[in-house]
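Here is the structure we will look at.
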Amino acid sequence: MKRSSARDRVPRTRVSLLAMLALSAALGVAGCENDGGAGPEGPAGGDPGATGPAGPTGPADVPISQGGDVKDMGNGSTLTAEQIADIGTLVATIDSAVVSGNKPVIEITVTTDKGGKVLGLAATTLRLGVAKLVPATDGMPSRWQSYINRSVTASTAGGVTPVLPGAIQANVETGVVTGWTELGSGRYRYASAVDLANVATPIAVAYEPTLTHRLSIAVDLSGNAGPLEPLNPHLDFVPNGGTAASKLVATTANCTGCHVQFAEHGGSRRTVEYCVVCHNGATTDPESGESVDLAYLAHSIHRGEDRASPYVVYGFNNTKFDAGEVTYPQPASFCETCHEQSAGAPQGNDWAVTVTAPACGGCHDAGMLKSGPDPATGRYAYTYTHSNTLMPPQPFKDGDCLGCHGPGKVAGDTLSLHQRDEDRKRIEQGELFTYEIISIENAAVGQAPRVTFQILDANGVPLNIKAITTGRLRLDFAWSTPDIHNVAEVAGNQYAVDRGEATVVDLIANMASVVANGDGTFSYTLAQPLPSGFADASLGTGLMVVLEGRRQLPDGSEAYPESAFRFSGGTSREALVAQEKCETCHKRVAAHGGSRAGDPMICTVCHNSSVGGTFDTDEVGPLALGAFLHNLHSGNLGDITYPQRLERCEGCHLDGTFNGARTNALPITVDAGTTAETGPEALAWQDDRADSATAGTCRGCHDAAADVTHMSVEGGSFSQPKALTPSSTEEGCPVCHGAGRVYDVKTMHCSLLPFGQCSQ
């Protein structure tokens, strides 16, 4: 089987008709059937005539990488690595769908992402889901019901004791050759074998052609071609004609903000719209006895370790998945993170007006009870008992929830209830305040810097800072800004503050020193002048000031406003990561009890090259921001689960900032040389141990012994005596891993990711 690519073809030329006839005569090949005997022989020795002009050159095959067609795709198992790289990924569309003779018939188009036609695609790669949308009734919302189902027997593999002997599960149809027709130009027709009017086993599903139906497909490729699999197209239609109803409550795009790209069940299940065809209320995991209805499953997973009881299901070969190990990086009460009304999700706000026991019970599982599943439908019946003291404990039947929960109802609607969540309130109430640093004066050695600042309320009116007595309000001072180190005296072996932390001023405790300027702004002058370490010929000069602190409202609740920061007297610290990227997952970056919130840049006043290592008997390791975050997201500093691939540096980083440490980056402390947290030992820097900046940061992900050895051989260093010299003078990492180099970090990381997960 031959795949087309200009790399493995010899260009062909088009031969003219006259040339072919001449060639036929020369070879004695008859052009037509004999119709009257042989003609007279021509005279011997005649003039053969001049050679005719060459015919025009025929078109060469367009390379796949430039939008050329893919020939004989099959199931993808024989594609070469070069062809896979050239294809990138496939794009599939459902062009039409009808029900003919009670059987679905679809026409699809499959191309490369560059527009090339995919030819010879095997029928067996198709996975077709077929479902109908059952209308809302008896207080329950509309729901998908698959026509294709199977009965599975529970497995005891791996020592699992099943909760149920077996269960009903929705399924998909695998394409068969008899239903598959290639129409040309990347187009295919598939006639399903499923007779919608005769679905009786393992459960009966009535065919209702006046209802909305969904057809959705996956293309399941083999071997190394797996990453080429396209997003799953779907088409909603009414077999008898008319406008299809809609049930699109969450878009795949919302999910990919954190997850980047789904690749479930081997990789080809990539969209929410496809998942709901199987993951509906009639699908149960028999080993755990849990429903895998998509709303219940997704809510249970994202609630993770905070759920009353862990959500556990078993997959292929009885592989256990325990969602109790999942950490979710924002308050689960922000339903809008996944559910938001849009063109792609017209019902994106249904969560605010639709309440069911399984959907809500995915998070609030403590009071949920179930019976079943019903062998005739495969569905559980649910009740819910509230744990609050406002009513006597009693089970409420699923479907009755809207009697109390909804707009204008006695228990309040979902949004108003979720807005009571303290974690959510702190973030939302942070928007009521705006912190601003107006100016920094006297940022020079021997001078005491004066900072002018203000806090605005939600209407832009300045607050009277002198009247603030609750919450927390601080100014943090750090230097030098090319790479913050907070060394007071380079030669004198002394940090300005214990362990290289920032100089922190509690403004509430020092309110007498805060000066009201009469225009809504206030000023504070640091009590001590900046030391000689603030300006050093090799380390640079520059002051960074942060205004931070949580607010406390009259009702006792808290707010996490965004901290403000400003540079003065030198070069600004280079930004490596973007706040908006962090808050795609985190909603609000808010550390240390919410006092430091907003742009990660504010963290560098303390999370700098000097901070870290051996607090009491625990080796915390580097706290310099880059190394710390790498360790955190890779799970080295606790049971953190990261929702995307670690190789995708641009999930956090600005482009061009992750080939290596900045040229002025100092070695990062990993061991303070003492367990003391205060006093002369904690102020000394020369007894610290440090990693070189690039190696120490990359080690957060690349911590295997071979990786550490490689970095050491190439000039990286680990746990060596602290030096105040940029590590770029000793590390050879940029020689191979720098931008445009043979092992460019971005190129190497991208090569490990499925197509489309990072930009080249």
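The values are calculated or read from the model by the stated rules, or taken from the named source; none is laboratory data. Quick caveat: nothing in here was measured; it's all calculated off a predicted structure. Methodologically, a virtual Cβ is constructed for each residue, glycine included, from the backbone with ideal geometry; neighbour enumeration extends over all protein chains shown.
Things to note:
- Hits in region 224-266 (condition: at positive phi and touching a residue at least 60 places away in the same chain (Cβ under 8 Å)): Val260
- Unique residue being part of a helix (DSSP H, G or I), among the hydrophobic types (A, V, I, L, M, F, W, C) and over 28 Å from Pro373 (Cα atoms) when the list is Ala253, Ala244, Ala345: Ala253
- Taking the listed residues Val589, Val620, the one that is of a type in the set (Val, Ile, Thr), free of Cβ contacts under 8 Å to residues at least 60 places away in the same chain and surrounded by fewer than 19 Cβ atoms within 10 Å (Cβ to Cβ) is Val620, with no other qualifying.
- Any hit, region 552-565, residues being in a strand (DSSP E or B), closer than 24 Å to Ile508 by Cβ, of a type in the set (Phe, Trp, Tyr) and in contact with a helix residue (DSSP H, G or I) (Cβ under 9 Å, 6 or more places away or on another chain): yes
- Residue check, Asp687 in contact (Cβ under 8 Å) with a residue 60 or more places away in the chain and acidic (Asp, Glu): no
- Candidate set: region 498-519, residues that are buried (at least 16 other Cβ atoms within 10 Å of the Cβ) and touching a residue at least 60 places away in the same chain (Cβ under 8 Å); chosen: the one farthest from Ile465 (Cα to Cα): Arg499
- Of all residues in region 704-760, those satisfying the criterion of being of a type in the set (A, V, I, L, M), touching a residue at least 60 places away in the same chain (Cβ under 8 Å) and either closer than 30 Å to Gly257 by Cα or surrounded by fewer than 17 Cβ atoms within 10 Å (Cβ to Cβ) (or both) are Ala739, Val745, Leu752, Leu753.
- Any hit, region 552-574, residues being touching a residue at least 12 places away in the same chain (Cβ under 8 Å), in contact with a Phe, Trp or Tyr (Cβ under 8 Å, 6 or more places away or on another chain) and either assigned by TED's automatic domain parsing to the domain that holds Thr327 or of a type in the set (Val, Ile, Thr) (or both): no
- Residues being closer than 10 Å to Tyr188 by Cβ and of a type in the set (Ser, Thr, Tyr) - total across region 75-124: 1
- Residue tally, condition surrounded by 15 or more Cβ atoms within 10 Å (Cβ to Cβ) and touching a Phe, Trp or Tyr at 6+ places or on another chain (Cβ under 7 Å), over region 457-472: 1
- Residue check, Ala157 assigned by TED's automatic domain parsing to the domain that holds Asn280, more than 28 Å from Asp285 (Cβ to Cβ) and under 34 Å from the mean Cα position of the chain (by Cα): no
- Residue list for region 545-564, restricted to those being surrounded by fewer than 23 Cβ atoms within 10 Å (Cβ to Cβ) and touching a strand residue (DSSP E or B) at 6+ places or on another chain (Cβ under 6 Å): Gln552, Glu558, Ala559, Glu562, Ala564
- Of all residues in region 306-339, those satisfying the criterion of being among the aromatic types (Phe, Trp, Tyr) and in a loop (DSSP other than H, G, I, E, B) are Tyr311, Tyr328, Phe334.
- Those helices (runs of 4 or more DSSP H) of region 700-760 in which 2 or more residues are under 17 Å from Ala627 (Cβ atoms) and modelled with pLDDT of 95 or more occupy 705-713.
- Qualifying residue in region 109-123 (condition: in contact with a Leu (Cβ under 7 Å, 6 or more places away or on another chain), within 20 Å of Thr212 (Cα to Cα) and either touching a residue at least 40 places away in the same chain (Cβ under 8 Å) or hydrophobic (A, V, I, L, M, F, W, C) (or both)): no
- If you go through region 476-512 and keep only what is within 13 Å of Leu539 (Cα to Cα), in a strand (DSSP E or B) and under 35 Å from the mean Cα position of the chain (by Cα), you end up with just Trp479.
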